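Since the structure comes first, as structure tokens, the remarks are kept for the end.
Each reported figure results from applying straightforward, stated rules to the coordinates on display, with no laboratory input. Since the structure is predicted, the reported quantities are computational estimates derived from the model, not experimental observations. Reconstructed Cβ throughout: ideal geometry from the backbone, glycine too, with neighbour counts over all protein chains shown.
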Amino acid sequence: MDKNLSMQELLASFENYLINNLPQSKTFHPYFEEALGNMLKAGGKRFRPMLLLSVVKSNNNLLVSNSLPIAYGLEMLHTYSLIHDDLPSMDNADLRRGFETLHKKYDEVTAILVGDALNTEAFKQIVDSSLHNDIKIELVKCLSSNGGIDGMIIGQAIDCFFENKRLELNQLEYLHIHKTAKLIAASLKMGAIISEYDLNVQEKLYNFGIDIGLLFQIQDDIIDETQTEEEAGKTTQNDQNKNSFVNLLGLEGAINSAEELANKCENTLNELDSNLQNSLKELLLKYLYRHK
């Protein structure tokens, strides 16, 4: 692939790969295979796989094609988390990515099992890729850590347990760093691992991702408060009993916090080397102030 691929072309390559590699389940179940691909095909921003591919493109464009399965696995893991997050036992949401959630379209058992399937299939995408085994081991370690017990899972556990219980600001940040930010940080780090950036760059990108993820969560809380379901493409006005930045800081306070964090992220972006800057800016700048 050309190192000078635009973000639109890179996204199109990823979408084409996803559509041509939807998970299969050739059995006599009447709709399980359809359900496996349903939320993957529903779209979304593809933010996490695009972060990974943008980092790869910045340093070694020849590896972009070989990185598509890794980006796809990352999107699978993210999609599983959304499917489970929407379940009646958690957020009980009716809408995701502009479509009915899986438990609404099919049934709760199907939604649970599709989530389970995408979680495990994510790691199969990594191990079946054509990258060097040492790289694949590091990728599995990074994704399992940030998407698992020490990352997304404990964040979700805290989020659900402390619903209707007010958290302090530092606790709320801990919750969302783990539930949301760590997988975004992992996306950047995994791209750096594939590209064999040195450990200092990997760490800098990871910390940058934590800030981006926290910013995105504050922005999502603002969107939940200010947009309709049609505008947001998902269930909104659903955070009244949850620990959100809007509930803790007020809408104006949340907007101010988002502005400060967006400025910090933009400054960090400008401190990266020119190849990383150029590759990431087109993707990131349109999202840094997306609550406006």
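Taking the alpha carbon gyration tensor of the stretch 8-105, multiplying each eigenvalue by 5 and rooting it gives semi-axes of 27, 16, 10 Å, largest first.
Centre-to-centre separation between the Cα atoms of the stretch 57-118 and those of the stretch 137-153: 16 Å. Projecting the Cα atoms of Leu68, Leu215, Leu285 onto the charge dipole of the stretch 7-286 (Cβ charges, centred on the Cα centre) puts Leu68 farthest toward the positive pole. Taking 7 Å steps out from each Cα toward its Cβ at Tyr287 and Asn16 produces label points 2.3 nm apart. Measuring against 18 Å, Cα to Cα, the residue pairs Lys105/Lys179; Lys45/Lys286; Lys165/Lys242; Lys179/Lys242; Lys57/Lys281 contain Lys105/Lys179 as the ones spanning a longer distance. Bridging of Lys141 to aspartates and glutamates at a Cα separation below 14 Å is possible for Asp150, once same-chain residues fewer than 8 apart are set aside. Relative to the 2.2 N^0.38 Å rule of thumb, the stretch 104-185 has a C-alpha radius of gyration ratio of 1.34. For Asn270 and Glu9, a Förster radius of 22 Å and the Cβ-Cβ distance give a FRET efficiency of 0.35, rounded to the nearest 0.05. Taking only the alpha carbons of the chain, we obtain Rg and Dmax values of 18.4, 55 Å in that order. With helices as the sole contributors, the chain gives -22500 deg cm²/dmol at 222 nm; each DSSP H run of n ≥ 4 counts as -39500 (n - 2.57), and the sum is divided by every residue.
A straight Cα-to-Cα reach below 15 Å connects Lys264 with the aspartates and glutamates Asp211, residues fewer than 8 places away in its own chain not being considered. Stokes-Einstein diffusion for the stretch 66-122 at 4 °C, viscosity 1.567 mPa s, with a Kirkwood radius from C-alpha pairs, works out to 113 µm²/s.
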